[in-house]
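K.L.:
Could you have a look at this structure, given as structure tokens, before my questions?
Just so it is clear, none of the values below were taken in a lab; they were calculated from the coordinates. Nothing here was measured: the structure is a model prediction, and the numbers come from that model. All Cβ positions, even for glycine, are placed from backbone atoms using ideal geometry, and neighbour counts span all protein chains on display.
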There are 4 protein chains.
Amino acid sequence: MCRFVAYLGEPIYLDTVVCTPRHSLVRQALKAEEAHTVTNGDGFGVGWYGDRTEPGVYREVMPAWSDENLLALCATVRSGLFFAHVRAATGGGIARTNCHPFRHGKWLFMHNGQIGGYAGVRRALEAQLPERLYAARRGATDSELLFLLALARIETGVPPADAMQGVLQDTQALMTGLGIAEPLRFAAALSDGRQLLAFRFASDDRPPSLYVGRRADGHIVASEPLDGSPDAWQGLPASSWVRVDEDGVTLHS
Amino acid sequence: MCRFVAYLGEPIYLDTVVCTPRHSLVRQALKAEEAHTVTNGDGFGVGWYGDRTEPGVYREVMPAWSDENLLALCATVRSGLFFAHVRAATGGGIARTNCHPFRHGKWLFMHNGQIGGYAGVRRALEAQLPERLYAARRGATDSELLFLLALARIETGVPPADAMQGVLQDTQALMTGLGIAEPLRFAAALSDGRQLLAFRFASDDRPPSLYVGRRADGHIVASEPLDGSPDAWQGLPASSWVRVDEDGVTLHS
Amino acid sequence: MCRFVAYLGEPIYLDTVVCTPRHSLVRQALKAEEAHTVTNGDGFGVGWYGDRTEPGVYREVMPAWSDENLLALCATVRSGLFFAHVRAATGGGIARTNCHPFRHGKWLFMHNGQIGGYAGVRRALEAQLPERLYAARRGATDSELLFLLALARIETGVPPADAMQGVLQDTQALMTGLGIAEPLRFAAALSDGRQLLAFRFASDDRPPSLYVGRRADGHIVASEPLDGSPDAWQGLPASSWVRVDEDGVTLHS
Amino acid sequence: MCRFVAYLGEPIYLDTVVCTPRHSLVRQALKAEEAHTVTNGDGFGVGWYGDRTEPGVYREVMPAWSDENLLALCATVRSGLFFAHVRAATGGGIARTNCHPFRHGKWLFMHNGQIGGYAGVRRALEAQLPERLYAARRGATDSELLFLLALARIETGVPPADAMQGVLQDTQALMTGLGIAEPLRFAAALSDGRQLLAFRFASDDRPPSLYVGRRADGHIVASEPLDGSPDAWQGLPASSWVRVDEDGVTLHS
């Protein structure tokens, strides 16, 4: 179980969300509250959009709490749309290529959860990738694969939220067909640099937690509330997704 | 607060102590029980004696639990005298040069605890180092400095245990003289490749925990018992030290 | 173009071959002589057999010349059969999972060269892997894939050298069928812990260099001679392979 | 011998200078032309000023050419004043804390060269540091020490260029007094976020190379010209320094 946070709004320094809050993501790395796995020390990553189409990404295998580069980066980079993620590895090994967020062209993606029985379903899922995206795999995680599967649909013209949901449905069907009993669990964020989509889903009744928070200058999607104010944070229902863009937040459930 | 373990006895694979036990050091890295700081993810190190005089050392800034090199090393290296340490940084930054154990010639040293108000006393302590050991400093920790201060005395012929205790007394006196209120806390292990010395000390009434355990093939000194057997582990009293060598364990308190 | 060295003989310290010689592997990392790419600084690895069936492996993304852990390891680990490799990345990214040698059970493998047009042929090659080996992929290199393809044949009872050669022939045929003009180049070492097999091959007339050297206590297979003695080193002809075991060296060409 | 580049002018993406030019710093890391040491693969760093007083810093022990984080950072961060450095270690070990640029408050510093016989003079130099700067040492390099010695003078009101030159003179005098025959060599850049100072000095007749280049949008100080245009680059004479600010370049020799 990993922890993540995404922001869309007025440009702010990354540390405003990633490092400073009482229950910031860097704090959650050391001591998450709404997760089985308390420690998320198996690497981390941040991704941020600037003036160019392609976002910046910084990923590292150290724990977020001990990386001075991360602090310096978050204290000096300002962005109106950024992702941050701390990892508790469930598979795929500790490597930068397995750290979130994943980037492909203008797209960013990060994920908390897992494909149950992944070893048994990985091959069938990878076989669905078109040639160019198949060659784009860099790591060994189920997360990167789900991202590329969604991109494959998006590239054929499917709207991003439909693409992501279609991948989840088909993956669940594939798992059922293969007799895999472990669940598919999925909390994730996806962006093209203009809008932020976030998803909460599980094939059983235990989807990973996901919240939307309101700030004066924008919105946050996070695995756990970053502070204690009960009004500011709204939990997403299971099997729902939200779109955050300049018009605000739209919940689809 | 860090956690460590040291072994002296018949040659065994490092993983016997470091990775395999129910409450092994690698487990303690993720979830220590007898420490303020639950997570010890700020790097780790192992040191082991073989046929050569100088011990081998492997130190890394990643958490012990996520490093495949550590698992492979511990599964293939066998030694009759070795150290292992997981770090929760109190100062000095996350760098290999700040990871324990420290090596100097044939000597290995590792430490759990700290010099209170270190920034204020560091300079006076470093001034006590003879030229060659002053130049040997590689990192920025109080631990490395205490090690070199002990070596400075050992090189003049003082017995190792006396040297270490002398450094502690003089450091405490220096702290008192400078009006430093924070305590000096010290659990540590020191070896020259033949004997293993372990120390438990504090200037207040809260020295870090330290245990000696008996195995069929040797003895273990550890911050916490590695398993639940109440008979096998004996806690060291405060202000005591033990010598472990081929003749067994001798407690000095 | 990477550089590598393998040793089989009386147990010796790894540094005897890896660090000490005038033109040791660590030196070759900084300044190779018989390669297009002078610098091999994109990670390294060592693998060594001991008493257990499974070999130890230490792989790191830093250059070999700057890693103190490597020096310490090579100075204290002794083995009668070991591999060492320095990498100049041609693809797959800089990650430990892409560093050689690769290990699978009792097997070690390392490679210098590449599959031309790999992005176009990767999928077809991966499709040949049986389920369990498909799930064993950790990185993104052509080298790891060639290793697993050979293991797939070995597990069905094909002798290792035949398996490796069969993979090369079939891969070349596949590349030709797909109209890939770039060559397949391959210098590699493979071991099961008892024998050492080394291969030199190319689909064009420029196979990577490979030498066998004789020492008083054993044999070395290396990308480049480790010292200047003209008598001790014998270059392998193109399209040949050697077996090194306790009976000596057998050349097959 | 390291290589570095500094820029002051209109805000530009870091990659414009660090990664893109034909002979960019990343290229120099792999193959420097005007240096004894061809390969500068022992870590690197970038530092950049933004809206806040304190600059951002990213330092890593991998070679610059293999770090994807560096590429992504340089492609997305824009700054009107930044430093970049690739290291060929002469001492102090491979650690982030030994990588340039060094930061202290609003100050950035990077260095190419060395204090000859450093082990013999280190202690006397460190003794000159005031308490607070003494405690600020994080690594073990002569470069960090020279930086802190200059800051010690600056904090007493000495103009930065005078402070730096005073440190060089006094260090050279100290070396002479101690009978150190090895030279003091020094090419360096220093900034407070508004102006860029660069120095070229040696106690013998071989100061490290240093150039000032003119771009349409600003000025560059670099160890080696970043491209082949002979008009755009001007070599600094030995024992000189330049100030680059919004008024242009002023040479002092």
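K.L.:
Kindly give the distances from D:L251 to its copy-mates, label point to label point, with each label point 7 Å from Cα along Cα→Cβ, as nm values to one decimal ordered shortest first.
P.N.:
Between copies, matching label points for D:L251 lie 6.2, 6.9, 7.7 nm apart.
K.L.:
Any idea what the D:G177 label distances to the other copies are, label 7 Å down the Cα→Cβ vector, nm, shortest first?
P.N.:
Copy-to-copy label distances for D:G177: 2.5, 7.9, 8.2 nm.
K.L.:
With a ≥ b ≥ c the root eigenvalues of the C-alpha gyration tensor of the stretch B:77-120, is it rounded (a/c under 1.5), prolate (a/b larger than b/c) or oblate? Intermediate results must be reported in sequence, preceding the final value.
P.N.:
On the way: a/c = 2.33, a/b = 2.06, b/c = 1.13.
Prolate is the answer for the stretch B:77-120, as a/c is 1.5 or above and a/b outweighs b/c.
K.L.:
Which of the trypsin sites (Lys or Arg not before Pro) across the stretch C:1-108 are loop residues per DSSP, with 16 or fewer other Cβ within 10 Å? Kindly include the intermediate steps, with their values, before the conclusion.
P.N.:
On the way: sites: C:R3, C:R22, C:R27, C:K31, C:R52, C:R59, C:R78, C:R87, C:R96, C:R103, C:K106; in loops: C:R22, C:K31, C:R52, C:R87, C:K106.
For trypsin sites (Lys or Arg not before Pro) across the stretch C:1-108 that sit outside H, G, I, E and B with at most 16 neighbouring Cβ atoms in 10 Å, the list reads C:R22, C:K31, C:R52, C:K106.
K.L.:
Same structure again: Can you give the FRET efficiency for C:E182 and C:E155, using 1/(1 + (r/R0)^6), R0 = 41 Å, r = Cβ-Cβ distance, to the nearest 0.05?
P.N.:
0.90
K.L.:
Is the C-alpha gyration tensor of the stretch A:208-252 telling us rounded, prolate or oblate? Criteria: a/c under 1.5 is rounded; beyond that, a/b larger than b/c is prolate, otherwise oblate.
P.N.:
Oblate shape, in that a/c is at least 1.5 and b/c is the bigger or equal ratio.
K.L.:
Just to be sure I understand the model, the point goes 7 Å from the Cα along the line to the Cβ. What's the resulting D:T20 to B:A124 distance in nm?
P.N.:
According to this spin-label approximation, the distance is 5.6 nm.
K.L.:
Once you've got the GNM for chain C with C-alpha springs shorter than 10 Å, pick whichever of C:L148, C:L108, C:L174 has the biggest mean-square fluctuation.
P.N.:
Highest fluctuation among the options: C:L174.
K.L.:
Taking a label point 7 Å from Cα toward Cβ, how far is A:A127 from its twins in the other copies, in nm, shortest first?
P.N.:
Its label point is 0.9, 7.5, 7.6 nm from the equivalent points in the other copies.
K.L.:
Nearest 500 deg cm²/dmol is fine: what mean residue ellipticity at 222 nm does the protein assembly as shown get from its DSSP H runs of n ≥ 4 alone, each adding -39,500 (n - 2.57), divided by its residue count?
P.N.:
-7000 deg cm²/dmol
K.L.:
For D:V86, what charge total do you get from the other residues with a beta carbon under 13 Å from its beta carbon, if Lys and Arg give +1 and Asp and Glu give -1?
P.N.:
+1
K.L.:
Now, a different point. Sequence gap at least 6, Cα distance under 8 Å: using those rules, report the relative contact order of the stretch C:70-146 to the nearest whole percent.
P.N.:
Relative contact order here is 32 percent.
K.L.:
For chain A, modelled as a Gaussian network with Cα springs under 10 Å, which listed residue fluctuates most, A:G105, A:G117, A:G43?
P.N.:
The residue that fluctuates most here is A:G105.
K.L.:
Return the sequence-ordered ³J(HN,Hα) values of the stretch D:6-21 in whole Hz as given by the Karplus equation 6.51 cos²θ - 1.76 cosθ + 1.60 applied to θ = phi - 60°, using x for Gly and Pro.
P.N.:
In residue order, the calculated couplings are 9, 10, 9, x, 4, x, 9, 5, 4, 5, 3, 10, 7, 10, 7, x Hz.
K.L.:
Specify the inter-centroid distance of the stretch C:123-156 and the stretch B:125-142, based on alpha-carbon positions, in whole Å.
P.N.:
51
K.L.:
Shielding of B:63-76 by partners, i.e. mean partner chain Cβ atoms within 10 Å per residue?
P.N.:
For this peptide, the per-residue mean of nearby foreign Cβ atoms is 6.
K.L.:
Roughly how many whole Å is it from the C-alpha centroid of the stretch A:1-79 to that of the stretch B:1-41?
P.N.:
29
K.L.:
Just want the answer: with Cβ charges of +1 for Lys and Arg and -1 for Asp and Glu, which residue in B:G166, B:F199, B:L178 is farthest toward the dipole's positive end in the stretch B:135-253?
P.N.:
In the stretch B:135-253, that residue is B:L178.
K.L.:
If you don't mind, there's one more thing I want to ask. Provide the per-residue ³J(HN,Hα) series for the stretch C:58-73, in order, calculated from phi with Karplus coefficients 6.51, -1.76, 1.60 and θ = phi - 60°, each as a whole number of Hz, with x at glycine and proline positions.
P.N.:
Values, residue by residue: 10, 10, 8, 7, 6, x, 4, 6, 10, 9, 5, 4, 4, 4, 5, 5 Hz.
K.L.:
Classify the stretch D:1-150 as rounded, prolate or oblate, taking a ≥ b ≥ c as the square roots of the eigenvalues of its Cα gyration tensor: rounded when a/c is under 1.5, otherwise prolate if a/b is larger than b/c and oblate if not.
P.N.:
On the way: a/c = 2.20, a/b = 1.34, b/c = 1.64.
Since a/c reaches 1.5 but b/c is at least a/b, the shape of the stretch D:1-150 is classed as oblate.
K.L.:
Quantify how strongly other chains surround peptide B:112-122 by giving the mean number of their Cβ atoms within 10 Å of each of its Cβ atoms.
P.N.:
Average neighbour count from other chains, rounded to a whole number: 1.
K.L.:
Please list the radius of gyration and Dmax for the protein assembly as shown, considering alpha-carbon atoms only, with Å as the unit.
P.N.:
Looking at the protein assembly as shown, its Cα Rg and Dmax stand at 28.8, 82 Å.
K.L.:
How long are the semi-axes of the ellipsoid equivalent to the stretch D:171-247, from square roots of 5 times the Cα gyration tensor eigenvalues, in whole Å, largest first? Write out the running numbers ahead of the final one.
P.N.:
Working: eigenvalues 158, 46, 12 Å².
For the stretch D:171-247, the semi-axes come out at 28, 15, 8 Å.
K.L.:
Read phi for every residue in the stretch C:127-133 and hand back ³J(HN,Hα) as whole Hz from Karplus 6.51 cos²θ - 1.76 cosθ + 1.60, θ = phi - 60°, with x for Gly and Pro.
P.N.:
Per-residue couplings from phi come out as 5, 7, 6, x, 3, 5, 6 Hz.
K.L.:
Something else about it: How about C:K31: which aspartates and glutamates have a C-alpha closer than 16 Å to its C-alpha, ignoring those fewer than 8 places off in the same chain?
P.N.:
Within the straight-line limit of under 16 Å, C:K31 reaches these aspartates and glutamates: C:D42, C:E224, C:D227, D:E33, D:D42.
K.L.:
Separate question: Consider the operator that turns chain B into chain C: which B residue has a Cβ nearest its axis, and what is that gap in Å?
P.N.:
B:V77, 3
K.L.:
Would you calculate the separation in nanometres between label points at A:D51 and D:D162, each defined as 7 Å from the Cα along the Cα-to-beta-carbon direction?
P.N.:
In this crude spin-label approximation the distance works out to 3.9 nm.
K.L.:
Here is a follow-up. Find the centroid of the Cα atoms in the stretch A:189-253 and in the stretch D:162-177, then give the distance between the two in whole Å.
P.N.:
59
K.L.:
Also, quick follow-up: Tilt of helix B:142-154 relative to the longest C-alpha principal axis of chain B, in degrees (0 to 90, nearest 10)?
P.N.:
Roughly 80 degrees, rounded to the nearest 10.
K.L.:
Determine the shielding of peptide C:52-62 by partner chains: average, over its residues, the number of Cβ atoms on other chains within 10 angstrom of each Cβ.
P.N.:
Numbers: counts 4, 0, 3, 3, 8, 7, 7, 3, 3, 8, 9.
That works out to 5 on average.
K.L.:
Calculate how steeply helix D:160-177 sits against the longest principal axis of the alpha-carbon atoms of chain D, using the helix alpha-carbon long axis, and give the answer as 0 to 90 degrees to the nearest 10.
P.N.:
50
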